[in-house]
Amino acid sequence: MHPDVQSLLAVQRDDLEIYALESRLAALAPRLAALEKDRARVAQELERASKAVAAEESRHREVQLRIESSRALADRSQRAYESVTSPREASAAMAQLEQTKRMVDESERDAAQVQGRINEMRHHVADLEAKLADVEVRQSDARTALESERAEIQAQIAQATAKRNQTAAAVPRSMLAKYDKVRSRRHAETVFPLRGPSCSNCDTAIPTQRRAAMAATGALEMCEGCGVLLYAGE
Ligand SMILES: [Zn+2]
């Protein structure tokens, strides 16, 4: 095998190592996203519950106003009843008074109901707050682990890249450029040996003359079948 090709194969080994590290790095993203999703689910539930409490509290304020106005009405009816002068007026005023008292009772019942709901909902909010805090505590270890894994892989990539650059210095510039052009498209193994008269990646046959030139000069030829670069193996 031509020594330039040997050097290029060493570069390819380094590149494949970098690709493997890069895919390990990429695999961290969905793990981080899964943590985010778990946290967001609880956080959103908490937000909905808090909004529901706020809505119920505003309903409670409305009911309070209704209580006040029906109490004022009941007081007026009470005074009207006390100042009647005839039995006929008395029975009408009594009916009016009873009606306003029923309104007071009704709105007080409503207020109690709303308050009961608010109490329950506040419990639910407190539970969700505790649940969110719990998720965050549990996730903090996982996030730290992910972060250190990421830093470690990045350090390995930096190291592998430095090694690759050193290895690449031994390859003629034009050969390296040809290789890099095809590699950047494939993002995988790029240089393959001939197997007999054919491409060892796809079995397309290479004309005898071209094979002879490859063997003599160490030149790389692109396979017309699959687009990889071929070298003469022996
Ligand atoms: Zn091929």
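Looking at the range 102-140 only, could you name the residues that are more than 25 Å from E68 (Cα to Cα), among the polar types (S, T, N, Q) and surrounded by fewer than 14 Cβ atoms within 10 Å (Cβ to Cβ)?
Listed by number, the list holds a single entry, S140.
From the list V182, V171, which residue is assigned to a helix (DSSP H, G or I) and under 43 Å from the mean Cα position of the chain (by Cα)?
None of the others qualify; the one that does is V182.
Any residue in the range 52-75 that's within 12 Å of T100 (Cβ to Cβ): show its pairings with residues that are in a helix (DSSP H, G or I) and of a type in the set (K, R) at Cβ separation under 8 Å, as long as the two are six or more apart or on different chains.
From the range 52-75, the pairs are A74/K101.
Name, by its number, the condition in (1) away from the ligand (no atom under 16 Å from the Cβ); (2) under 24 Å from I18 (Cα atoms); (3) basic (K, R) that does not hold for R186.
Result: R186 fails condition (1) only.
Out of S91, S107, S69, I need the residue that is of a type in the set (S, T, N, Q), modelled with pLDDT under 95 and assigned to a helix (DSSP H, G or I). Which one?
Being of a type in the set (S, T, N, Q), modelled with pLDDT under 95 and assigned to a helix (DSSP H, G or I) holds for just one of S91, S107, S69, which is S91.
Can you name the number of the only condition in (1) more than 16 Å from the ligand (Cβ to nearest atom); (2) open to solvent by 70 Å² or more (accessible area, probe 1.4 Å); (3) more than 25 Å from A27 (Cβ to Cβ) that E152 fails?
(3)
Mind counting the residues in the range 141-165 that are free of Cβ contacts under 8 Å to residues at least 40 places away in the same chain and hydroxyl-bearing (S, T, Y)?
Counting residues in the range 141-165 that are free of Cβ contacts under 8 Å to residues at least 40 places away in the same chain and hydroxyl-bearing (S, T, Y) gives 2.
In the range 34-42, is there at least one residue being open to solvent by 70 Å² or more (accessible area, probe 1.4 Å) and in contact (Cβ under 8 Å) with a residue 60 or more places away in the chain?
yes
In the range 13-33, which residues are touching a helix residue (DSSP H, G or I) at 6+ places or on another chain (Cβ under 8 Å), of a type outside the set (V, I, T) and open to solvent by less than 50 Å² (accessible area, probe 1.4 Å)?
D14, D15, L21, L25, L28, listed by residue number.
Just to be sure before I move on: is C199 at negative phi, buried (at least 18 other Cβ atoms within 10 Å of the Cβ) and within 16 Å of the ligand (Cβ to nearest atom) in the structure I sent?
yes
Residues V104, V135, V125: which one is touching a Ser or Thr at 6+ places or on another chain (Cβ under 6 Å), in contact (Cβ under 8 Å) with a residue 40 or more places away in the chain and not small (G, A, S)?
Checking each option against the conditions leaves just V125.
For the range 220-230, indicate whether the set of residues that are within 17 Å of D14 (Cβ to Cβ), within 14 Å of the ligand (Cβ to nearest atom) and either of a type in the set (D, E, K, R) or not in a helix (DSSP H, G or I) (or both) is non-empty.
yes
Criterion first (hydrophobic (A, V, I, L, M, F, W, C), buried (at least 18 other Cβ atoms within 10 Å of the Cβ) and either part of a loop (DSSP other than H, G, I, E, B) or away from the ligand (no atom under 14 Å from the Cβ) (or both)) does M214 satisfy it?
So M214 fails the test.
Answer yes or no as to whether A205 is under 17 Å from D4 (Cβ atoms) and open to solvent by 50 Å² or more (accessible area, probe 1.4 Å).
Criteria not met by A205.
The values are calculated or read from the model by the stated rules, or taken from the named source; none is laboratory data. Keep in mind that what you see is a predicted model, and the values were worked out from it rather than measured. Cβ sites come from the backbone with ideal geometry, for glycine too, and all protein chains shown count toward neighbours. Keep in mind that these areas ignore ligands, DNA and RNA; they rest on the heavy atoms of the full protein, side chains included. Shrake-Rupley method; radii C 1.70, N 1.55, O 1.52, S 1.80 Å.
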